[in-house]
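Beneath this line is the structure, given in structure tokens, with notes to follow.
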Amino acid sequence: MLKFLKQVSDYTKETVQAAKYIGQGLAVTFDHMQRRPVTVQYPYEKLIPSERFRGRIHFEFDKCISCEVCVRVCPINLPVVDWEFNPETKKKKLNHYSIDFGVCIFCGNCVEYCPTNCLSMTEEYELAAYDRHELNYDSVALGRLPYKVTEDPMVTPLREFAYLPKGVIEPHGLPGGAKRSGSRPEDIVETEK
């Protein structure tokens with residue numbers, strides 16, 4: 001009889017412990033049910049990059065003095081600067097400038113140390129290509145004006161989502177009584193009856 005009571009006691013303890021673990025897991029699930037969705041429907045909705053985002057490098061050909069500081073400060077000696085010396089003006093003349101974004105680590109050293117500010121980081125982050133050689137941008141491609149997500153009429157930036165109050169970017173800090181986006185399953189079933 002004592003052995004049977006011990007088995008029942010051990011079984012009860014294990015059951016309580018299992019229920020405790022399940023309760024902890026469900027607590028996390030219920031906590032996340034109170035939050036708003038943060039999924040971005042990518043081609044039609046895009047995140048607005050932060051102010052200090054390091055995207056594609058913009059290059060201004062006319063400002064460059066071919067000093068090659070960008071090459072010296074780059075951890076992988078990435079920018080290719082082709083210049084020739086003009087004996088009449090006794091200055092360097094820039095012929096070609098290119099950066100391979102397939103290799104670039106977007107550290108921003110070239111932009112930071114450029115003495116003439118001919119390099120700048122943009123918020124453009126869509127640099128995907130089918131061929132790796134297409135990621136080698138020459139001075140013409142680098143000189144293309146930067147693309148801004150907020151100015152594209154076909155794209156809804158994150159700040160204008162319908163389920164976020166105006167001025168709120170982070171969805172996790174909303175008050176408890178804020179209206180959720182979409183409808184709950186039980187509300188959908190009631191409307192179909």
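Any read-out appearing in this document is the output of simple, stated calculations on the displayed coordinates, not a laboratory observation. This is a predicted model, so every value here is computed, not measured. Every residue, glycine among them, receives a Cβ derived from its backbone with ideal geometry; neighbour counts consider all protein chains shown.
Filter region 123-146 down to the residues that are touching a residue at least 40 places away in the same chain (Cβ under 8 Å) and small (Gly, Ala, Ser), then identify the one that is farthest from His58 (Cα to Cα).
Once the filter is applied, the top-ranked residue is Ser139.
Pick from Ser98, Ser120: which is in contact with a helix residue (DSSP H, G or I) (Cβ under 9 Å, 6 or more places away or on another chain), touching a residue at least 40 places away in the same chain (Cβ under 8 Å), under 17 Å from Gly143 (Cβ atoms) and crowded, with 17+ Cβ neighbours inside 10 Å?
Only one candidate passes the filter, namely Ser98.
Could you list, in sequence order, all residues of region 88-115 that are under 24 Å from Ala129 (Cα atoms), out of contact with any Pro (no Cβ under 8 Å at 6 or more places or on another chain) and among the aromatic types (Phe, Trp, Tyr)?
Scanning region 88-115 gives Phe101, Phe106.
Is it the case that region 61-74 has a residue that's part of a strand (DSSP E or B) and either touching a strand residue (DSSP E or B) at 6+ places or on another chain (Cβ under 9 Å) or within 27 Å of Tyr130 (Cα to Cα) (or both)?
no
Per-residue answers, yes or no, for (1) surrounded by fewer than 11 Cβ atoms within 10 Å (Cβ to Cβ); (2) hydroxyl-bearing (Ser, Thr, Tyr); (3) more than 19 Å from the chain's Cα centre (by Cα):
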| position | (1), (2), (3) |
| --- | --- |
| Gln41 | yes, no, no |
| Glu45 | no, no, no |
| Pro49 | no, no, no |
| Asp62 | yes, no, yes |
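If we keep just the residues of region 75-93 that are buried (at least 17 other Cβ atoms within 10 Å of the Cβ) and assigned to a strand (DSSP E or B), which is farthest from the chain's Cα centre (by Cα)?
Once the filter is applied, the top-ranked residue is Trp83.
Would you say Ser9 is within 28 Å of Glu123 (Cβ to Cβ) and of a type in the set (Ser, Thr, Tyr)?
In short, no.
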